[in-house]
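The values are calculated or read from the model by the stated rules, or taken from the named source; none is laboratory data. Keep in mind the model is a prediction, meaning the values are calculated, not measured. Positions of Cβ are generated from backbone atoms using ideal geometry, with glycine treated the same way; all protein chains shown enter the neighbour counts. Remember, those area values only see protein heavy atoms, side chains included, never the ligands or the DNA or RNA. Shrake-Rupley method; radii C 1.70, N 1.55, O 1.52, S 1.80 Å.
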Amino acid sequence: MPSASDPGLPIGTVTFLFTDIEGSTQLVAALGAGYGPILNAHSEVIRAAIASHNGTEVSTEGDAFFAVFRSAVEAVGAAADAQRGLATQPWPDGVSVRVRMGLHTGDARLGGDNYVGMDVNRAARIAAAGHGGQVLLSNATQALVATALPDGLSLRDLAEHRLKDLPGPERIWQLDIAGLPGDFPAIHSLDARRGNLAPASTPLIGREAEVGAIADLVGRRPLVTLIGPGGTGKTRLGLAVAERLAIDFADGAFFVALEDARDRPAVATSIAAAIGVRERPDRDLEQGVKEHLRDRQLLLVLDNFEQAISAAPLIAELISGSPGLRAIVTSRALLHLSGEQRYEVPPLSLPDLHDLPQLAMLTGYEAIALFVERARAVKPAFEITEENARAIVEICRRLDGLPLAIELAAARTRLLTPESILGRLENRLPLLVGGASDLPTRQQTLRAAIDWSYELLAAPERRLFKRLAVFAGGWTIDAAETICNPNAELGIDTLDGLTSLADNSLVQPLSTADVEPRFGMLQVIREFAAEMLDAGADAAELGRRHALNVLAFAEAAGPELRSSALRTWQHRLRAEQENVRSALRWATEGGDATVGLRIAGAIWDYWHYWAELREGARWLEALLALPAAAEPNLVRAQALRALAGLHYWQGHGDRSFALYEEALAIIRTLGDEPLIAATLLDSAWGGLARGDMDVAIARADESLDLYRHAGDEAGATIVSSWIGVAPIVTGHGGDIPAAFDGIQRAIDANRGLGRTHEVADWLETLPMFYRAVGDFSNARTTARESLKLWYDLGTLGRLPLGLKMLAAAELGAGEPERAVRLGAAAERFNDEIGGEVPDIIAQLGVPVEEARSLLEPADHARAVAEGRSMRLEELIAYALE
């Protein structure tokens, strides 16, 4: 490989390529020595691609490559070939090597022993903005290759983004490679909108006047309620307004789904989850939401509020306490709050059936345009013609211009002509509209349209449809088969049934990053299906099956939450969290306490990782308090251990220790020595948390004896290491060389067992250890490594401790301003997500306050403000500098 000072290196206009492995720290932690062969195989693929496209490798650093090409087309070809080679590489089971790549064409200038200049920096920043498996191009590179791409390659415009250290916005393009995944999360940019609004899956048809009118109202009134029956398009309209206005709110726009909320606490919980407010030991979520919103400029879209009208005073309190807050509510009923602005969502515009405009002008009417657009989704060749125009207009008129009803009818064009659809509607709607007279006319029409679409299904499809109402938040194909159609008892293939329901707009494919597809229902359709399910004889059985399916999923997830696959399983649990809550609710309200305890006991790490400690504790406490849960058996013991762990991370040392001791007493009676040993170590942690070192060491000593008696060398190694390290990191002193050796042995032992979580735990011990012995240089280095590992693993619940450890290390190393920024950020996250470990464990003190005397008051105040205002990705980048 030549050096950059080699005059043979290309200069002038070249294309730079940067690559690196996403999540490499996680792979190192999980694989240990096994990472070397994987890194080498990755490097061979990258080097082969560079060489085959006449590129020059400039340098490598760890898993990162820097190469240059005289031809932009060759550079793109090299990136594509490298991604193809990585995708087909036979990696070991459970290993995924995902490389992000960035390309920019610019001026290559040599300086010293490397390329220098803004164009090199631009290429590096573009690469850093991407995700594993993604190739990003600058506008300059796109302009050179757009008309010369090889077959199988195409470009996708990702719009302009501001990237760190670059003076202005950059237009970014994505290289799509046939046969490889092309859907990635939003790129990492400085100007990514804050909020949780997801791109709409279908375009909004018409509604420009309504969007403009509502946006104007939001600018003048703090609360705008979009009123109308289900199916009028309130949700889609509210989202469209939020998308338009999001840029005007410094703190973003957030969508809050309330379809399963029934009271004030549930509404507060839903808002908290949407805006990222987490639990704290000293406040409830409602108080946390109020504190979070108090000084923010933020837009909330509160969807489906009608079944939670009793929570309306909460919205009034949020608005009165938050001058910068605006709320758009979608509801079938007003909230009746002072200052509420009502906006009744009109039906889509329709032409006059008795004075039809010319054919070319018909799609200028919103209802007709929606029908045609949705018809083309199932039948691409569909056209509005002189022959079918009147039928289409009459269909839309009979459906009152209701968007959902029109979509249901248009989905039938796959098999029926508009004339046939109209004939069926004429026969069905008058009869159905005559019923349910307590509903508004348009609501009757919508229910009639759903019922009509339902009645057109084959009998097995109808039975599948109503059974799917048992799910909350969506479902996978396997779950639908297991719960709704085991052994094909409905007389239909589950996938065929779901496909038919999707074709008829009764279920929807959900956008997800998971490989396994998910489906869901619009709320108004789910309500219809649920009414039918509840009226049948199998509702109780479906509830039981659903809970047992969640139990099987939870118990499969539990061990994986401590393995190298923990991030994957965290996100799988995130996708299923509404189903988990539904199953726990079923168990708590009288279904089966044992099922509930087993679910909650299995996945307590999930609540820890997502910093939702209070929610997990609430479920476990409610279940453990049930009379049916009182028997001192293994299920209760494991649930007690789970609750103890949650209280430990909330800083409740005494409560945690008491729960561990209760669990230990039960487990001793069962005679399971490995489980007794593990619970003894748990109790030792609880003893530390309450400041009782003697009890902690006694429990650990007994645990060590049991592991040795069982011949479990890895377990014995871990416990003996703990005994050596715990006194040092808690300020009690000890044998420092032996303790350091113990940390290394514990890391190796856990790595050998595939316990990624415990590897990360022990790596987190290193900065505590180095700080305890006064080695602040190594404390900073290892604190950064530990923080990056937890961040790469997606473990939000561990970030506050990691930030505080780094802050303490920076303070000891003479960097008080960095210590204040990082410490203030840790305090902010502890305020928002809770779960600060008792300080006795890590002896970190209060870095923000300890640095006060080392800085000018103005500098200290500025650093606090900056630390508390940094976004997560910006904060992690700062911490790792």
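Identify the residue in the range 215-227 that is out of contact with any strand residue (DSSP E or B) (no Cβ under 6 Å at 6 or more places or on another chain) and not acidic (Asp, Glu) and, among all such residues, is most open to solvent (accessible area, probe 1.4 Å). Step by step, filter the range 215-227, then rank; the result is ARG220. Whenever a residue of the range 783-796 is in a helix (DSSP H, G or I), its partners that are modelled with pLDDT of 85 or more and open to solvent by 20 Å² or more (accessible area, probe 1.4 Å), lying with C-beta atoms within less than 8 angstrom and at least six residues away or across chains, give the pairs ARG784/LEU880; GLU785/LEU763; SER786/LEU763; LEU787/LEU880; LYS788/LEU880; LEU789/LEU763.
Can you name the residue in the range 173-206 that is at pLDDT below 85 and among the charged types (D, E, K, R) and, of all such residues, is nearest to VAL301 (Cα to Cα)? So the residue we want is ARG194. Among the conditions (1) open to solvent by less than 20 Å² (accessible area, probe 1.4 Å); (2) in contact with a His (Cβ under 6 Å, 6 or more places away or on another chain), the only one that LEU664 does not satisfy is (2). Pairs linking a residue in the range 138-161 that is under 16 Å from PRO185 (Cα atoms) to a residue that is among the small types (Gly, Ala, Ser) and surrounded by 12 or more Cβ atoms within 10 Å (Cβ to Cβ), with Cβ atoms under 8 Å and 6 or more positions apart or on different chains, are ARG156/GLY182; HIS161/ALA129; HIS161/SER189; HIS161/ALA192.
Applying the criterion of being crowded, with 18+ Cβ neighbours inside 10 Å and out of contact with any Asp or Glu (no Cβ under 6 Å at 6 or more places or on another chain) to the residues of the range 339-348, the residue that is farthest from LEU362 (Cα to Cα) is GLU340. Counting only helices (runs of 4 or more DSSP H) that fall entirely inside the range 517-589 and contain at least 1 residues that are within 25 Å of LEU789 (Cα to Cα) and modelled with pLDDT under 95, the qualifying elements are 539-560, 566-575, 577-588. Put simply, of ALA327, ALA311 the only residue that is surrounded by 22 or more Cβ atoms within 10 Å (Cβ to Cβ), in a helix (DSSP H, G or I) and among the aliphatic types (A, V, I, L, M) is ALA311.
For (1) open to solvent by 40 Å² or more (accessible area, probe 1.4 Å); (2) modelled with pLDDT of 85 or more; (3) assigned to a helix (DSSP H, G or I), each residue gets a yes or a no:
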{"position": "LEU318", "(1), (2), (3)": "no, yes, yes"}
{"position": "LEU337", "(1), (2), (3)": "no, yes, no"}
{"position": "LEU350", "(1), (2), (3)": "yes, yes, no"}
{"position": "ALA367", "(1), (2), (3)": "no, yes, yes"}
{"position": "GLU373", "(1), (2), (3)": "yes, yes, yes"}
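The residue of the range 326-367 that is nearest to ARG264 (Cα to Cα), among those that are without any contact (Cβ under 8 Å) to a residue 40 or more places away in the chain and among the charged types (D, E, K, R), is ASP352.
A single member of ASN504, ASN549, ASN487 is buried (at least 18 other Cβ atoms within 10 Å of the Cβ), more than 24 Å from ASN304 (Cβ to Cβ) and of a type outside the set (Gly, Ala, Ser), and it is ASN549.
Restricting THR147, THR141, THR88 to residues that are of a type in the set (S, T, N, Q) and touching a strand residue (DSSP E or B) at 6+ places or on another chain (Cβ under 8 Å) narrows the list to THR141. So for the range 25-36 (the condition being among the polar types (S, T, N, Q) and in contact (Cβ under 8 Å) with a residue 12 or more places away in the chain), does at least one residue qualify? So far as the range 25-36 goes, yes, one or more of its residues are among the polar types (S, T, N, Q) and in contact (Cβ under 8 Å) with a residue 12 or more places away in the chain.
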